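Before any comments, here is the structure.
The values are calculated or read from the model by the stated rules, or taken from the named source; none is laboratory data. Only a predicted model underlies this, so the values are computations on that prediction, with no experimental measurement involved. Please note: Cβ atoms are built from the backbone with ideal geometry, for glycine as well, and neighbour counts cover all protein chains shown.
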Amino acid sequence: MSHTDLKSEINSRKTFAIISHPDAGKTTLTEKLLLFGGAIREAGSVKARKAERYATSDWMELERQRGISITSSALQFKYQGFVINILDTPGHQDFSEDTYRTLTAADSAVMLIDAAKGVETQTKKLFEVCRQRGIPIFTFINKFDRNAKDPLDLMDEVEKVLGIESYAMNWPIGMGQDFKGIYDRKTGQVERFVEGSARSSAKPPISGVFSDPLVQDGIGEGLVKQLTEEIELLDLAGNDFSQDRVDRGEVTPVFFGSALNNFGVPNFLQYFLELAPAPQPRNTNLGELDPETPSFSGYIFKIQANMNSQHRDRIAFIRICTGRYERGMNVIHTRSHRRLRLAQPQQLFAQERTILDEAFAGDIIGVHDSGLLRIGDVLTEKDGLQFEAMPFFSPENFARINIANALKRKQFIKGIQELQEEGAIHVFRDLHVGVEAPIVGVVGQLQFEVLEYRLREEYGVNVNIQHLPFEIVRWVEKDEKTVKLLTESSMSTVVMDKDDNYAVLLLDQWKANWLSERYEIKFYNQPF
Ligand code: GDP
């Protein structure tokens, strides 16, 4: 393939994640976006999905409800010459490391906000991760067909709570019962809202330029006056907008609409495709690497076991960072320096998992893994290549996991091992206790429930979870004196991690500081 072709393939890619607080409408918006690409056929609203709390991904739930196969970590569809990859970020109440790692695979993020609720806790946390990566963030303020907060207040809230400038691309005319539509600030066009129009075959609503008397008649005098004033205010007092500022994550383009009614979604998508970045260069140990570097490289950001309950499988998801993947190609697994044939990678097009013939930087592919691959591993044609390290999140909740029925010991050990390899839990063991009763550390409490559920459902093992009072884990050097001191102290428990590194569990930061100062022990925030 010529360099020009490679470049144009890569430049047509938009890989992004939707970040939001549960219930803001992520599943609904995803579904509407898929509709554009013809990835799903019929429009229709996704029913509330409260029952299935443990769905590993929101898409699994969508799959369950709609009877379509979309289980994956990334969905791809084509639209207007672009290849769009949407990454799934699980929407549990409790945020997890998995979500953070998935965000490393995105080139931009769409922040979805419920117009009645504003910026919520989970959105804030996810936003922070995106900001640390410096990726552009687009904002869609959803549910304007219902009573909402004042749009100016919402813009202000985004700025104050998240510390990013906001720039309205379109503006809502009224809200709730009086929601009349949106005004596109660039074109001056008004798009009229008629409830449910996008879902039924009802006539398209009247649209046109705002100055058109017919359009103004439809909106009503009061709202025309209000819109005129608000637009003037935005033009005068609003933030500066430029592609550069979006690229640098200084300003977020804001859109209003209603995902459920598919209203404002086409307008959003059009500008998003215009403004969102194609795959960007990545920092590596060999310097910055352009995505159109001809040789293939990528890294594993997620491993998921048992995606299909019929037959046990484990899939490692790779974000391609440079070059082109070709079916059956040989790559080097840099951690082991072994050669690996990427024989049957999968990707999700439309309604089924397909075997892929080729893929490009920006795409996500899934490969079957027999246990060799780990999160953060690099696959490349150039041995020795390393990308920036995966973010590490220190666990803050700890529990001892006891098996309820000793006969299931083998399955238990396997389950714990595999869930650890997926990166769902951190496993520690006491110096003198065997693998039967490990201590598990997680970032969010809910992960214990997920662990219990998955051990039961996927491995047939019942466990008792005995919560421990520790809040902190720190790694220490393998030094006999240090280990003895910490073992004897009443303030700490010495454990070993999966790679036989020594770590200590501590009750709180204060005790960690005290021990460290008193005995001159150096504590590390992560394994070394
Ligand atoms: P998620 O938890 O973020 O994936 O949210 P869902 O997509 O499941 O949506 C949560 C609820 O909000 C569902 O009942 C949706 O039907 C509803 N919803 C989503 N978008 C809209 C919207 O634009 N207007 C209204 N009124 N409801 C919406």
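Going through (1) within 16 Å of SER20 (Cβ to Cβ); (2) touching a residue at least 60 places away in the same chain (Cβ under 8 Å) one by one, VAL119 falls short only on (2).
What tally of residues in region 502-523 results from selecting those that are hydroxyl-bearing (Ser, Thr, Tyr) and either over 14 Å from HIS432 (Cα atoms) or not assigned by the TED database to the domain that holds GLY441 (or both)? Adding up the residues that qualify gives 2. Just one of the numbered conditions (1) farther than 28 Å from ILE303 by Cα; (2) free of Cβ contacts under 8 Å to residues at least 40 places away in the same chain; (3) not aromatic (Phe, Trp, Tyr) is not true of LEU431: (2).
Of the strands (runs of 3 or more DSSP E) lying entirely inside region 262-370, those carrying at least 1 residues that are modelled with pLDDT under 95 and among the aromatic types (Phe, Trp, Tyr) are 297-305, 314-322, 324-326, 346-349.
Determine whether ASP499 is within 29 Å of the chain's Cα centre (by Cα), assigned by the TED database to the domain that holds PHE412 and within 20 Å of ARG400 (Cα to Cα).
Details: within 29 Å of the chain's Cα centre (by Cα): yes; assigned by the TED database to the domain that holds PHE412: yes; within 20 Å of ARG400 (Cα to Cα): yes.
So ASP499 fits the description; yes.
Here GLY434 meets the list (1) in contact with a Leu (Cβ under 9 Å, 6 or more places away or on another chain); (2) at pLDDT below 90 almost entirely, failing just condition (1). Would you check if there is a residue in region 192-207 being farther than 30 Å from ILE135 by Cα, surrounded by fewer than 22 Cβ atoms within 10 Å (Cβ to Cβ) and of a type in the set (Val, Ile, Thr)? The answer is yes; a qualifying residue exists. For residues in region 385-432 being in a helix (DSSP H, G or I) and within 25 Å of the chain's Cα centre (by Cα), which is nearest to HIS337 (Cα to Cα)? Ranking the qualifying residues of region 385-432, first place goes to GLU421.
Yes/no per residue for (1) surrounded by fewer than 17 Cβ atoms within 10 Å (Cβ to Cβ); (2) of a type in the set (A, V, I, L, M); (3) touching a Cys at 6+ places or on another chain (Cβ under 7 Å); (4) assigned to a loop (DSSP other than H, G, I, E, B):
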{"position": "GLU452", "(1), (2), (3), (4)": "no, no, no, no"}
{"position": "LEU455", "(1), (2), (3), (4)": "no, yes, no, no"}
{"position": "GLN466", "(1), (2), (3), (4)": "yes, no, no, no"}
{"position": "GLU477", "(1), (2), (3), (4)": "yes, no, no, yes"}
{"position": "LYS484", "(1), (2), (3), (4)": "yes, no, no, no"}
{"position": "THR487", "(1), (2), (3), (4)": "yes, no, no, no"}
{"position": "VAL494", "(1), (2), (3), (4)": "no, yes, no, no"}
{"position": "ASP499", "(1), (2), (3), (4)": "yes, no, no, yes"}
